[in-house]
Structure formats: C-alpha cells, structure tokens
Amino acid sequence: MKLQSLNCPNCGSILTQKGDSMVCKSCGSAFAIDYDDSDVEYERVANESERLQQEHEHAKEMLEKEFELKEQAEIRRAKRIRADARKSALSSSVVNMIKSLISLIIVGGIIFGVYKIMSSKDFKDKIDKATSTTTTKSPYDFSLKDIEADRSFMENATAAVFSTVRSEKENDKIRFYDEGKWNEWTLKGNPEIYDAYFLKGKKDNRVYFFVKSTYKCKGEKDTVIYNAYYFRKITVDENGKVKCDYQVRGDSGDAVNWNWGGQFDKDQMYREVILGNTDYTNEKLTVPEDLIKDNTKSSEKESEETTESTEQTEETTKKKKKKKS
C-alpha cells in the first residue's frame with residue numbers, strides 16, 4: 001500500500017473520505033481513491049480481523065451461555081437431589097414407623113399371650129405347686145390351703161376328735177341334787193363340729209376343732225356344752241402331705257364350767273382359746289360337710305333306756321329304804 005497526501009491539491013485543505021472518494025471541505029473538490037492490490041489485501045485482512053473478532057465475541061458469548069446453562073442445570077440437579085433425599089428420608093421415616101408399629105403389635109401380642117397364660121387357673125396351680133415345693137424353707141412353713149387340700153388329714157383329725165369326745169361324754173352322766181331329787185343329764189344325739197381354726201406360729205402350728213354337745217334331762221330344757229380340741233406341731237412334707245401325731249388335746253379355756261367339763265358360751269371360748277393365743281395368727285378352717293358330724297350310731301335311744309332304768313332303780317331303792325325304816 002502506498003501512502004499519499006490527504007491534502008487538497010487545489011487549496012491545500014484536509015481531505016475526508018466519503019464512500020470511495022476523498023472530498024475537500026474547503027473548495028469542494030473530490031478525488032477518487034486509487035486502490036491497488038495491497039489496499040485490497042489490507043481491506044481483506046482488516047475485514048478478516050473484524051470477522052475473527054466477531055467470531056471470538058460470538059464464541060465467548062456462546063461459552064458464557066453454555067456455562068450459564070450448565071450452572072442452571074447443576075442447580076436444578078442439586079435441587080432434584082435434595083428433593084429426592086427428602087422423599088427418601090420421608091419414605092424411610094414412614095417405613096421405620098410402620099416397622100415400629102408392627103414390632104409394637106407383635107410385642108403387645110406376645111405380652112397379651114403371656115398374660116393370658118399366666119392368668120389361667122392351670123398355670124397358677126402349677127406355679128403354686130412349684131412354689132410350695134421349692135420355696136418351703138421349713139416343714140412348719142405352709143398355708144391354710146395346704147391343710148384344706150389334704151382330705152386324708154381332715155378325715156383322720158375329725159375322727160380322732162369324735163373318738164375322744166365319745167370316750168369323754170357317751171358314758172358320762174352329770175348328776176345334780178336339786179329340790180329333793182336327783183337330776184341326771186345324759187348326752188343327746190351325736191356331737192357336732194361347728195367351727196375350726198388354723199393357728200400358725202413360728203415353731204408350732206395348730207388346728208383347733210370346736211365341738212358342740214347337747215345334754216338332756218327329763219323334765220328340763222336341753223343344755224348345750226362347747227368344747228375345744230386341738231392338734232399341735234403340724235407340719236407338711238415335700239409332697240404337700242400334712243403330718244400330725246393325731247393326739248387330741250383339750251383346751252376349752254380357763255372359764256370352763258368344771259361340773260360340765262366345758263363352756264356354756266361359745267363366744268367366750270373363742271375369745272379365750274383363739275384370740276387369747278397371741279403368739280399365733282389365726283385363720284378359719286373349712287371342714288367338709290360330711291365330716292362335721294359324728295357318724296357313729298347315736299346312743300340317744302340307749303341313753304333314754306338307761307335313764308328309765310336308773311329312775312326305776314332309784315324308785316326301788318326308795319321303797320326299800322322306806323320299808324326298812
């Protein structure tokens with residue numbers, strides 16, 4: 001490219017380019033621009049540079065947009081990950097709650113089943129039996145139920161009591177001289193057990209039987225006498241069987257009417273014999289209905305015959321005395 005003067009050759013003023021011409025502002029002269037190959041190349045290079053600059057700007061813009069799009073995509077991906085994490089956590093919480101609920105139902109079912117089994121009568125009986133055989137520290141350590149459950153002991157104990165009562169009272173006649181005559185009282189019917197008690201002490205357990213006996217006398221109102229009989233040092237073996245020497249002992253209290261050999265007031269006898277034994281705790285014992293009465297044949301008829309015979313004998317004696325005098 002050749003360098004040429006840009007002053008007007010006519011007036012010497014500065015020329016300015018307008019399109020493909022150079023124009024003088026002072027005189028208005030116009031001159032054509034003479035382009036050669038170097039100018040064309042320059043123009044091409046200038047245009048190419050501008051094109052490259054534009055392409056660079058466009059590439060830069062595209063990279064910026066691509067970066068922005070990637071950044072937005074990354075933000076959306078992060079949001080999606082957080083949302084998925086929340087959903088997963090929520091699902092996990094729900095699953096855990098369901099598992100916990102199922103576990104509670106299962107545990108509750110097991111507890112309910114165990115409770116039903118433990119509350120059943122058979123299970124309680126087995127526990128009571130196992131406890132009574134494994135936890136008994138002493139043969140004196142047992143309960144009222146152990147005595148009531150041993151039918152053999154109850155039968156033998158009541159039989160021993162009635163045997164003693166019969167030996168004491170059947171042939172025993174109580175005589176009083178009243179108003180010039182002898183009143184003779186004899187046993188009426190069979191004696192009867194009306195109460196029984198279990199007395200528990202530290203080293204002695206007792207079973208008391210209260211017996212009611214009725215006496216009759218011709219021309220007089222029947223009289224009821226109360227007596228107490230007991231067995232002491234009662235124990236229970238490892239099989240739950242009651243052990244006893246079956247030696248009947250009498251204890252009708254200190255306020256015994258000695259003429260009759262017993263008490264007229266059964267409540268007073270209970271106070272003296274049961275409540276008065278302060279070293280013992282007491283529980284009422286249930287005696288089977290078929291054992292409370294003496295099953296021995298009643299001697300009432302024999303007593304009546306004996307009474308009549310006695311009266312006849314006395315009458316005969318009086319006559320003899322009168323005749324002798």
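The values are calculated or read from the model by the stated rules, or taken from the named source; none is laboratory data. All values reported here derive from a predicted model rather than from experimental measurement. Cβ coordinates were reconstructed from backbone atoms using ideal geometry, including for glycine residues, and neighbour counts include every protein chain displayed.
So, Val207, is that one touching an Asp or Glu at 6+ places or on another chain (Cβ under 7 Å) and under 21 Å from Glu155 (Cβ atoms) or not? Answer is no for this residue. Pairing each residue of the range 34-61 that is under 25 Å from Val23 (Cβ atoms) and of a type outside the set (A, V, I, L, M) with any residue that is part of a helix (DSSP H, G or I) and at pLDDT 75 or above, provided the two are 6+ apart or on different chains, yields no C-beta distance under 9 Å. Considered as a group, the residues in the range 232-246 that are touching a Phe, Trp or Tyr at 6+ places or on another chain (Cβ under 9 Å), surrounded by fewer than 18 Cβ atoms within 10 Å (Cβ to Cβ) and in contact (Cβ under 8 Å) with a residue 24 or more places away in the chain include one that is farthest from Ser152 (Cα to Cα), and that residue is Lys233.
Would you please name the residue that is farthest from Tyr230 (Cα to Cα), looking only at residues in the range 163-188 that are assigned to a strand (DSSP E or B) and among the hydroxyl-bearing types (Ser, Thr, Tyr)? By that ranking, first place goes to Tyr177. Answer yes if at least one residue in the range 171-180 is closer than 17 Å to Asn295 by Cα and either modelled with pLDDT of 90 or more or aliphatic (A, V, I, L, M) (or both), and no otherwise. No, that holds for no residue. Restricted to the range 261-281, and to residues there that are part of a loop (DSSP other than H, G, I, E, B) and polar (S, T, N, Q), the residue that is farthest from Tyr194 (Cα to Cα) is Thr278.
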